[in-house]
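Following this message is one structure expressed as structure tokens.
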């Protein structure tokens, strides 16, 4: 038996074609209300192939949640064509629910007063997982997510990290082909975050589960996502490799040089020294790193050299700020 | 004093944002008023006089009862205090340099004031439009009615404060609230005027605090001599005595609960 | 981690991501009892509250019953009916409404779910949102109203002089079932208003609990216009009034046609259809407005 293979013919597991969503809002005092049309998502197109991990990024209010709601069938798109696992989410919501796992980081789908184990058993009945499969998968997930110590604890007494692991388990018991995560690591401590990231990587590698996640935590992105989609003001700002996002971004790379002895700021073509502290100097690179490194090592006595990639956080922040121009960077 | 006025003002503003809920409340209170009034009209058609009440008196009491539902919260909801005790947030409240009873009273009076204007008045107006009600001509009586109404609000608060305080000794007060919010309308003369009850039962219910909520204010409006002491003044004294006793009990129990929280750390 | 065992599309013409589901019964049917049981267990963690809530429900019935007894005690007869006959109206209404209340009553919390955003978590599961919301906090405490109501009905049926023909024996349970369906439909229809007005829960109560209170008495006391309205507009007359006339074999005191008492099944079917339509429309509205 093989892990889940991409569907034959390469049919994408998510296929969004020009989807858009507008809302009508009434505003103002009771008798002088005005209707205003707000566009939350405008003409967004992207495809996700089975087996990918895709980060869906954007600042607050950019349209991330609206997109997630459309993908899960909670909200119907007002424009465009959307298919998820081949289904139209808002019309075939129930069928889609059986193929998809969803976790909202800010909201639990577990039953507050029930022990975690009972909540999971209930989920099994809703998704109609055969008892034997349920037992096997629960055992696996219990081991991987270390649920053992709190399976018998009522959900209301769980810590945030424990609850999130419980929610992830509930979303995965029916072995969905697609896992949609909305802010899965929000509010978690470093250890919990790391447990969840490693788990998701393993799930993707071993089960072939496709993962789409929104997050504000760029640590999630760096660790998990080969591909990112950036949405800003409701429109697609970038869709491509994390590496392409870095390369295309105007953020310079930095060369950190440790000299044998303190010296004046280094002066070589294609680089600008931005900071000096003792024997350590920071250079922003404009030109070819190889040439700069060769120049520096030729003219100075060097103890150590490090080339820093631009910080992803920095890159995305710049992208948000220049949403118009950023669209040109699109690698898609 | 300033702080209590602010709490009062905040409560008024808070409740004024629940527009649809207020409207829904008026509709519901009016619908039940119409149903209860029709039942009593049918009854008084069969027997025009029962224990000194006639059809108009009975229908008037029905609409008094429906109109005061909002301000005295006879069917609930519980004070927010109850939820704060359950979650333990009450510890923060007890640390504030204000008296808890007065603080919660100020908040509840704000709610009651909003409710009086936007729920009581429209509901009573529906009753006046649909039926002939017995309304006094004497302006002094109206003053007494206003006082009786204010005292009913006080007693209503004091009772709900005590129900909520039970949370310090019980883990969960949902059950307590379910029982009291059910028995209160019966004991208060809300469900049916106490006048219609068998003598022995009515005799007991008339001395309990809940009678201050509906039966006494209604009889003050109607000018009945079945009031405590046989007079309007007697009725007002009865309400005032209960209000004082229940608020005092509330203060004593709050002090005890505070010691409990301080000693046990919640 | 074990590998996925479901075959790819080539194996069975089934999409790779279609889960293996053997049970083809509607999910809502199988999920209802499971969810109801889970909620019962959840509430059972607070046994004192559960006991008091059950007691409170039983008290509601007792108190209302006492009111009926007091009113009939003073009047002797109301609308041409005696106290024992009044028990029949009370019992029929109580049984129908409390059954609906038990099975579907919490649907009136819809507005709260919408405001809190928890309707979204309900919508991502493959079970009807109506079933999920109706079973929320399901607890046997609500039998506290069904049991005394059924007892009142049993009392009335045993003391009244009823001609128990085979037809009547069969019709009584059918009429009660139809009554419960009508009440349940009314609950769902009224609750759907909250798709538009999320904090209008009390408005739902004026229809459901209002209807309950109204039909506890023989409708004749409200006069012709009210009876017409609750026959042709909101079909409350089929909860207790028409069934009781049938059981007692009385002509309609307001001169409405006698065949109406046989219309219950058709009315119940229509009520269910309307409720389903309104609920679905509401849900579609929610999905298209994202309120």
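For every residue, the table says whether it meets (1) assigned to a loop (DSSP other than H, G, I, E, B); (2) touching a residue at least 40 places away in the same chain (Cβ under 8 Å); (3) within 14 Å of another protein chain (Cβ to nearest Cβ).
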| site | (1), (2), (3) |
| --- | --- |
| C:133 | no, no, yes |
| C:136 | yes, yes, yes |
| C:141 | no, yes, yes |
| C:163 | yes, yes, no |
| C:173 | no, no, no |
| C:180 | no, yes, no |
| C:188 | no, yes, no |
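I've got another one for you. Here's a check for you: in segment B:161-201, which residue that is assigned to a helix (DSSP H, G or I), touching a residue at least 40 places away in the same chain (Cβ under 8 Å) and within 11 Å of chain C (Cβ to nearest Cβ) is nearest to residue C:49 (Cα to Cα)?
B:177
Quick check, is residue B:49 more than 10 Å from chain C (Cβ to nearest Cβ) and either touching a residue at least 24 places away in the same chain (Cβ under 8 Å) or buried (at least 24 other Cβ atoms within 10 Å of the Cβ) (or both)?
So residue B:49 does not fit the description; no.
Being under 19 Å from the mean Cα position of the chain (by Cα), surrounded by fewer than 21 Cβ atoms within 10 Å (Cβ to Cβ) and either under 10 Å from residue C:108 (Cβ atoms) or more than 9 Å from chain B (Cβ to nearest Cβ) (or both) is the filter here; which residues of segment C:210-230 pass it?
If the condition is that a residue be under 19 Å from the mean Cα position of the chain (by Cα), surrounded by fewer than 21 Cβ atoms within 10 Å (Cβ to Cβ) and either under 10 Å from residue C:108 (Cβ atoms) or more than 9 Å from chain B (Cβ to nearest Cβ) (or both), then C:230 is the only one that fits.
Would you be able to say whether some residue in segment C:232-242 is buried (at least 22 other Cβ atoms within 10 Å of the Cβ), out of contact with any strand residue (DSSP E or B) (no Cβ under 9 Å at 6 or more places or on another chain), within 14 Å of another protein chain (Cβ to nearest Cβ) and in a helix (DSSP H, G or I)?
There is at least one residue in segment C:232-242 that is buried (at least 22 other Cβ atoms within 10 Å of the Cβ), out of contact with any strand residue (DSSP E or B) (no Cβ under 9 Å at 6 or more places or on another chain), within 14 Å of another protein chain (Cβ to nearest Cβ) and in a helix (DSSP H, G or I).
Being closer than 18 Å to residue A:105 by Cβ, buried (at least 17 other Cβ atoms within 10 Å of the Cβ) and more than 14 Å from chain C (Cβ to nearest Cβ) is the requirement here; does residue A:184 meet it?
In short, yes.
Additional query: Quick check: anything in segment B:33-51 outside any helix (DSSP H, G or I), at positive phi and more than 20 Å from the chain's Cα centre (by Cα)?
yes
Sort out which residues of segment C:23-62 are assigned to a helix (DSSP H, G or I), within 10 Å of chain B (Cβ to nearest Cβ) and over 21 Å from the mean Cα position of the chain (by Cα), and write them in order of number.
C:43, C:47, C:48, C:49, C:50, C:51, C:52
Another question, then. Checking residue A:212 against (1) part of a helix (DSSP H, G or I); (2) under 19 Å from residue C:124 (Cβ atoms): exactly one of these is not met. Which one?
Looking at each condition in turn, residue A:212 falls short on (1).
If I go through segment C:243-266 residue by residue, how many of them are farther than 25 Å from residue C:187 by Cβ and part of a loop (DSSP other than H, G, I, E, B)?
9
Would you check which residues across segment C:270-284 are loosely packed, with under 14 Cβ neighbours inside 10 Å and touching a residue at least 24 places away in the same chain (Cβ under 8 Å) and list them?
C:281
I've got another one for you. With C:115, C:109 as the choices, which residue is within 30 Å of residue C:36 (Cβ to Cβ) and surrounded by fewer than 18 Cβ atoms within 10 Å (Cβ to Cβ)?
C:115
Check residue A:129 against each of (1) within 9 Å of chain C (Cβ to nearest Cβ); (2) in contact with a helix residue (DSSP H, G or I) (Cβ under 8 Å, 6 or more places away or on another chain); (3) part of a helix (DSSP H, G or I) and name the one condition it does not meet.
It fails just one condition, (3).
I need a count of the residues in segment A:146-165 that are away from chain C (no Cβ under 14 Å) and part of a helix (DSSP H, G or I).
8
Consider segment A:171-181. How many of its residues are more than 10 Å from every other protein chain (Cβ to nearest Cβ) and either touching a helix residue (DSSP H, G or I) at 6+ places or on another chain (Cβ under 6 Å) or surrounded by fewer than 24 Cβ atoms within 10 Å (Cβ to Cβ) (or both)?
Residues in segment A:171-181 being more than 10 Å from every other protein chain (Cβ to nearest Cβ) and either touching a helix residue (DSSP H, G or I) at 6+ places or on another chain (Cβ under 6 Å) or surrounded by fewer than 24 Cβ atoms within 10 Å (Cβ to Cβ) (or both): 3 in total.
Do we have any residue at all in segment B:224-244 that's touching a strand residue (DSSP E or B) at 6+ places or on another chain (Cβ under 9 Å) and crowded, with 19+ Cβ neighbours inside 10 Å?
Within segment B:224-244 (the criterion being touching a strand residue (DSSP E or B) at 6+ places or on another chain (Cβ under 9 Å) and crowded, with 19+ Cβ neighbours inside 10 Å), the answer is yes, since at least one residue qualifies.
If you don't mind, there's one more thing I want to ask. Quick check on segment C:75-86. Is at least one of its residues surrounded by fewer than 23 Cβ atoms within 10 Å (Cβ to Cβ), at the interface with chain B (Cβ under 10 Å from one of its Cβ atoms), touching a helix residue (DSSP H, G or I) at 6+ places or on another chain (Cβ under 9 Å) and assigned to a helix (DSSP H, G or I)?
Taking every residue of segment C:75-86 in turn, at least one turns out to be surrounded by fewer than 23 Cβ atoms within 10 Å (Cβ to Cβ), at the interface with chain B (Cβ under 10 Å from one of its Cβ atoms), touching a helix residue (DSSP H, G or I) at 6+ places or on another chain (Cβ under 9 Å) and assigned to a helix (DSSP H, G or I).
Being more than 16 Å from residue B:61 (Cα to Cα) and crowded, with 21+ Cβ neighbours inside 10 Å: is that true of residue B:213 here?
In short, no.
Say we look at segment A:65-90 and pick out the residues that are out of contact with any helix residue (DSSP H, G or I) (no Cβ under 8 Å at 6 or more places or on another chain) and at the interface with chain C (Cβ under 10 Å from one of its Cβ atoms); which of these is surrounded by the fewest Cβ atoms within 10 Å (Cβ to Cβ)?
It comes out as A:86.
Continuing with this model, one more query. Out of A:121, A:152, report the one residue that is touching a strand residue (DSSP E or B) at 6+ places or on another chain (Cβ under 6 Å), surrounded by fewer than 20 Cβ atoms within 10 Å (Cβ to Cβ) and either within 22 Å of residue C:42 (Cα to Cα) or in contact (Cβ under 8 Å) with a residue 60 or more places away in the chain (or both).
Selected residue: A:152, the only one of A:121, A:152 that is touching a strand residue (DSSP E or B) at 6+ places or on another chain (Cβ under 6 Å), surrounded by fewer than 20 Cβ atoms within 10 Å (Cβ to Cβ) and either within 22 Å of residue C:42 (Cα to Cα) or in contact (Cβ under 8 Å) with a residue 60 or more places away in the chain (or both).
If residue C:150 satisfies all but one of (1) more than 30 Å from residue B:19 (Cβ to Cβ); (2) in a loop (DSSP other than H, G, I, E, B), what's the number of the condition it fails?
For residue C:150, the exception is condition (2).
Please find, among A:207, A:137, A:226, A:132, the residue that is exposed (fewer than 15 other Cβ atoms within 10 Å of the Cβ) and within 22 Å of residue A:99 (Cβ to Cβ).
The match here is A:132.
Looking at (1) more than 20 Å from the chain's Cα centre (by Cα); (2) within 14 Å of chain C (Cβ to nearest Cβ); (3) without any contact (Cβ under 8 Å) to a residue 12 or more places away in the chain, find the lone condition where residue B:130 falls short.
Just one mismatch for residue B:130, condition (3).
Give just the number: which of (1) buried (at least 23 other Cβ atoms within 10 Å of the Cβ); (2) farther than 27 Å from residue B:199 by Cβ does residue B:101 not satisfy?
Among (1) buried (at least 23 other Cβ atoms within 10 Å of the Cβ); (2) farther than 27 Å from residue B:199 by Cβ, the lone unmet condition for residue B:101 is (1).
Restrict the check to segment B:56-76 and report whether at least one residue is farther than 30 Å from residue B:223 by Cβ, out of contact with any helix residue (DSSP H, G or I) (no Cβ under 8 Å at 6 or more places or on another chain) and surrounded by fewer than 20 Cβ atoms within 10 Å (Cβ to Cβ).
The answer is no; no qualifying residue exists.
Every number here is computed from the coordinates shown, using simple stated rules; none is lab data. Everything numeric in this text was worked out from a predicted model, so none of it was measured. We place every Cβ from the backbone using ideal geometry, glycine too, and count neighbours over all the protein chains shown.
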